[in-house]
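Have a look at the structure below before the remarks.
All of the numbers you see were taken from the coordinates with simple rules; none came from a lab. Since we're looking at a predicted model, the values are computed, not measured. Every residue, glycine as well, gets a Cβ built from its backbone with ideal geometry; the counts of neighbours run over all protein chains shown.
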Amino acid sequence: MRQKYQKRKTILMTAKKSGSCLCQGVRFEIVGTLNPILACHCSQCAKTSGNFATMSSTAAASLTMVSDETLRWFQSSETVNRGFCSRCGSNLFWKQTGSPDIYITAGTIDKPVGVRIAEHIYVASKSDYYDITDGLPQKDEW
Ligand SMILES: [Zn+2]
Ligand SMILES: [Zn+2]
């Protein structure tokens, strides 16, 4: 009985999550921990997402590409590359050079995502067309 329980627990902890862009040209799987979501209000995320961006993160080693046929990378600053689908335009990934983690836009992860927005960052850069009213912590930068 105990052994059975242990086995079940292990399966739950390593549950596989999947995600994709809108056209399925980019599909990925995550086996590992998804971190709480950051809502980023910086002007770069606004341009690439059309709104503020919500991103979870995981160890880059936990992310496996199932299909990356249409995945392209845009270098948005000296140390940051943003992954997007060249066919449907989905904003997918944010990766800083040298970091062990990769950020994944929350809306591209298939439901249930299992983690929620934890805080708002770069609030000082946000646009003037909306207010943040969810009561979560807000940081002017990161
Ligand atoms: Zn696509
Ligand atoms: Zn941002």
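Applying 1/(1 + (r/R0)^6) with R0 = 30 Å to the Cβ-Cβ distance of residue 31 and residue 76 gives a FRET efficiency near 0.65.
Cross-link pairs exceeding 24 Å in C-alpha to C-alpha distance, out of 16/47; 16/126; 47/139; 16/95; 111/139; 95/126, comprise 16/47; 16/126; 111/139.
Can you give the relative contact order of region 19-125 as a percent, counting alpha carbon pairs under 8 Å and 6+ residues apart? Numbers along the way, then the final one.
Details: 227 pairs, mean separation 37.4, N = 107.
It comes to 35 percent, rounded to a whole number.
Projected label points at residue 43 and residue 65, each 7 Å from Cα along the beta carbon direction, are separated by 3.1 nanometres.
Cα-based radius of gyration for the chain, normalised by 2.2 N^0.38 Å, reads 1.13. In plain terms, the chain from residue 116 to residue 96 could stretch by 5.0 nm, reckoned as 0.36 nm per residue minus the Cα-Cα distance. By other beta-carbon atoms within 10 Å, ranking 29, 78, 141 with the fewest at the front produces 78, 141, 29. For the chain, the longest principal axis of the Cα atoms and the long axis of helix 2-13 meet at an angle of about 20 degrees. Full extension of the segment from residue 24 to residue 124, taken as 0.36 nm per residue of separation minus the current Cα-Cα distance, would add 32.5 nm.
Here the sum of -39500 (n - 2.57) over DSSP H runs of 4 or more residues, divided by the residues of the chain, equals -4000 deg cm²/dmol at 222 nm, to the nearest 500.
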